[in-house]
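Notes follow once the structure below has been shown.
The values are calculated or read from the model by the stated rules, or taken from the named source; none is laboratory data. None of these values were measured; they are calculated from a predicted model. Because the Cβ atoms are built from the backbone with ideal geometry, glycine has one as well, and the counts that use them run over all protein chains shown. Accessible surface areas use protein heavy atoms only, side chains included; no ligands, DNA or RNA. Shrake-Rupley method; radii C 1.70, N 1.55, O 1.52, S 1.80 Å.
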Amino acid sequence: MLIIRGYLYMQSREKMICAAMTLAIIAFMVLSPGYIVAHRRNLTQQYRQQSTESYQGIISLWHIVGFKSYQGSMGAWLEKAAATLEKKHKGVYFEVESMTFSDYEARRERGEKADMYSFPLGWEYIEELQPIDMTMPEMRGNMADSCRYHGGVYGLPYAASGYVLAVNSRIMQEKGLDMDMLCGMIRSGEAKVSGDEIIACIYGAKGELGDEEDFSKEKSWAAFIDARTAGDMARKVQSGKGFPFEAFSCTNYTNLVQYLGIGSGAEEEMRNYILEFMQYVLSEDKQQSLMELGLIPAVAAKAQLESETPAVSAIYENSSQPAVPQCFLYAAYADQLCQSAEKALSGDENAKKDLDLRLMELVQGAGIK
């Protein structure tokens, strides 16, 4: 009898528990939809604020290499800038691709385009760009005006390099020359010199000019070379190869400038992110980091240009006020400049006048030293 009563008691208890659970489930099903609907909008807005942007996708940036920095890579420098912006904007990605002129032209012929371009001075494809409507910080020399076209700004200069007069220390010692003596011989045509003919003419050199390979083979005493060539030579010396040389400042003129531009086909939704990328690249801290590559920052920051590397220091010596050619006009003048320089070195006074006039037209607003 007791067993039967216990069984009936347990059965009743289980029924009560089941009934209570059923009521709880019914109450949840009745009440939860209203709670969820009431809070769904706030939760959605919070999520969007935290994880989405007005544009989501890939913004392509083609870095067209016109020159190389003393050391390191401008392409890698741009990739770091892209990574910083990607962390700030979830769902927005900057795809940086480095390429040569020929690579770019091949892709252009296939109908490919980029949303952004990093292009060198002398790039002639103005139709691939759209005007940039942003306020530029104060820039060095005439850089700010070097990429204007018909009143509009089509490129933002962000980095530059320069040239040095490299001198073979071993030959100088063998011939018993000091720098003043060598400079006089370069300007009178008595010294064997190699390198860039336009830079040589600006310096006042005379006589037939050899190529850079002559200098690397010690067939010439000195050479007008760019920063990257000087860097490669210095690294050879450090590895026990090559020969000792010194680098001296030779001019503030440079056609080694890199710009950022907005692609003509870039979507309107991308534009704010592209402009923010440009503003970040022109920020003081990011510009200062260019000196780690031996480059000249475009922005006239308060800090002085300085480097412990002799060749870079020689470039910086004359680069606080660089004289930069007009970017899109330079392409049309480049061949004639080289021809006039070659003739001027041989003593053709008319060619020297033509070269000087063309350079003055190209660097309006700046003085060549």
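Taking a ≥ b ≥ c as the square roots of the eigenvalues of the alpha carbon gyration tensor, the range 86-158 is oblate, as a/c is not under 1.5 and a/b does not beat b/c. Spacing of the modelled spin labels on SER307 and LYS219, each 7 Å from Cα toward Cβ, amounts to 2.8 nm. With θ taken as phi - 60° and the Karplus curve 6.51 cos²θ - 1.76 cosθ + 1.60 applied, the whole-hertz 3J(HN,Hα) list for the range 127-134 is 5, 8, 10, 10, x, 10, 9, 8 Hz, x standing for glycine and proline. Charge dipole of the chain (Cα centre as origin; +1 on each Lys and Arg Cβ, -1 on each Asp and Glu Cβ, all else neutral): 2200 debye, rounded to the nearest 20. Here GLU213 sits with roughly 100 square angstrom of accessible surface, probe radius 1.4 Å.
Loop-located trypsin sites (Lys or Arg not before Pro) in the range 193-246 (DSSP state other than H, G, I, E, B) with a sparse environment of at most 15 neighbouring Cβ atoms within 10 Å: LYS217, LYS219, LYS241. The angle between the Cα long axis of helix 74-88 and the longest principal axis of the Cα atoms of the chain comes to about 20 degrees, rounded to the nearest 10. A simple rule links phi to the HN-Hα coupling: the Karplus curve 6.51 cos²θ - 1.76 cosθ + 1.60 with θ = phi - 60°, which for the range 209-225 gives 9, x, 8, 4, 5, 4, 5, 5, 9, 6, 8, 10, 8, 8, 8, 8, 10 Hz, with x for Gly and Pro. Can you give the angle from 0 to 90° between the axis of helix 327-345 and the longest principal axis of the chain, with both taken from C-alpha atoms, to the nearest 10? Around 20 degrees separate the two axes. Checking the cross-link pairs LYS80/LYS217; LYS175/LYS206; LYS343/LYS369; LYS192/LYS353; LYS68/LYS90; LYS236/LYS352 against a 26 Å limit on the alpha carbon distance flags LYS80/LYS217; LYS68/LYS90; LYS236/LYS352 as lying beyond it.
The loop-placed GluC sites (Glu not before Pro) in the range 127-157, going by DSSP, that have at most 12 neighbouring Cβ atoms within 10 Å of their Cβ come out as GLU138. Which FRET efficiency value, to the nearest 0.05, is calculated for GLN56 and GLU190 with the Förster distance at 51 angstrom and r the Cβ-Cβ distance? Calculated transfer efficiency: 0.20. Annotation: extensible slack from GLU105 through LYS241 equals 45.3 nm (criterion: 0.36 nm per residue apart, minus Cα-Cα distance).
Our note on the geometry: Cα centres of the range 101-175 and the range 296-369, 13 Å apart. Working note: 222 nm ellipticity from helices only, DSSP H runs with n ≥ 4, each -39,500 (n - 2.57), summed and divided by the residues of the chain, gives -15000 deg cm²/dmol to the nearest 500.
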